[in-house]
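Structure record follows, encoded as structure tokens.
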């Protein structure tokens, strides 16, 4: 399947910048409206219509149990953090959970030093994995799918990246929790957010650190993009803070080049972790990409580049 049938055509808008981080809004090239009825997982958790918990009393690091008691599908996004239960986790891939269903979702641990219940169920988090961590997820999950192992990640690589990031930011945590690194940089994250707010009409964003485009996220509708924009920025800011200030900055043409690379990639369908269809681009030099669609809508497409 060609990428043009996976990712919609978009227009690259003018960037918003803060220090070495540039955020380019991705705008629809034609009139669009999301035709899939769903809510985001954080909304469903807050409303009590969905419960995310360990799969059993003893638990299982790479899977969680989701009970959707509502009448609406629920969308979990690759890289989002869930906090609580026996240890904090992140989603290995985007998952659409059917209304009124119970299912398991594939996750990775981002709190190595705790394996005891802090809460019965998971809570949503304002943190989103950085591009450097999502790169490890995409690469290892794609390998696992190719080998018939489902959406499993390389847990040791995830822990290594969480630890590396913590050290790079001079943070510490008694349980090696990724969230503690984010908390230590909360002031700086908010500073970036003030200058990099959502752009009206955007259905996605491409982000560059210095001259390099590092991440692209696309959604089916502007309402979803608006809701997740600030959360996506949390991980992006952490990666940006690791790089020295100053130097060249990316331009619209750099984002257009990255999108063209995705269009020329060969996309292969993989079994989805929930409802819908999942596609992954065969690894290209310095790029890993995936997409979750339902009916004719791309719910979440993402690419991590280096």
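Got the relative contact order for the chain handy, in percent, Cα pairs under 8 Å and 6 or more residues apart?
22 percent
Give me the extension gain from residue 260 to residue 18: residue separation times 0.36 nm, minus the current Cα-Cα distance, reported in nm with one decimal.
Roughly 84.5 nm would be gained on extension.
Please report Rg over Rh for the stretch 15-106, where both radii come from the alpha carbon positions and Rh follows the Kirkwood definition.
Result for the stretch 15-106 is an Rg/Rh of 1.08.
Below 8 Å, C-alpha to C-alpha, sequence gap of six or more: please give me the relative contact order for the stretch 135-267 in percent.
Value for the stretch 135-267: 18 percent.
Note the listed values (i) 130; (ii) 196; (iii) 121, then indicate which one is volume of the Cα convex hull per residue in Å³ calculated from this particular structure.
Among (i) 130; (ii) 196; (iii) 121, the one derived from this structure is (iii).
Among 25, 15, 211, whose mean-square fluctuation peaks in a Gaussian network model of the chain (Cα, cutoff 10 Å)?
The residue that fluctuates most here is 211.
At 222 nm, what helix-only mean residue ellipticity would the chain give, in deg cm²/dmol to the nearest 500, using -39500 (n - 2.57) for each DSSP H run of four or more?
Using -39500 (n - 2.57) per qualifying helix, the result is -9000 deg cm²/dmol.
Note down the nm distance, to one decimal, between modelled labels 7 Å out along Cα→Cβ at residue 58 and at residue 143.
2.8 nm
What is the distance in Å between the Cα centres of the stretch 118-188 and the stretch 27-86?
Cα centres, the stretch 118-188 to the stretch 27-86: 18 Å.
Every number in this text was worked out from the coordinates using simple rules, so none of it is lab data. As the structure is a prediction and not an experimental result, all values here were calculated from the model. Counting neighbours? That spans all protein chains shown, and the Cβs are built from the backbone with ideal geometry, glycine included.
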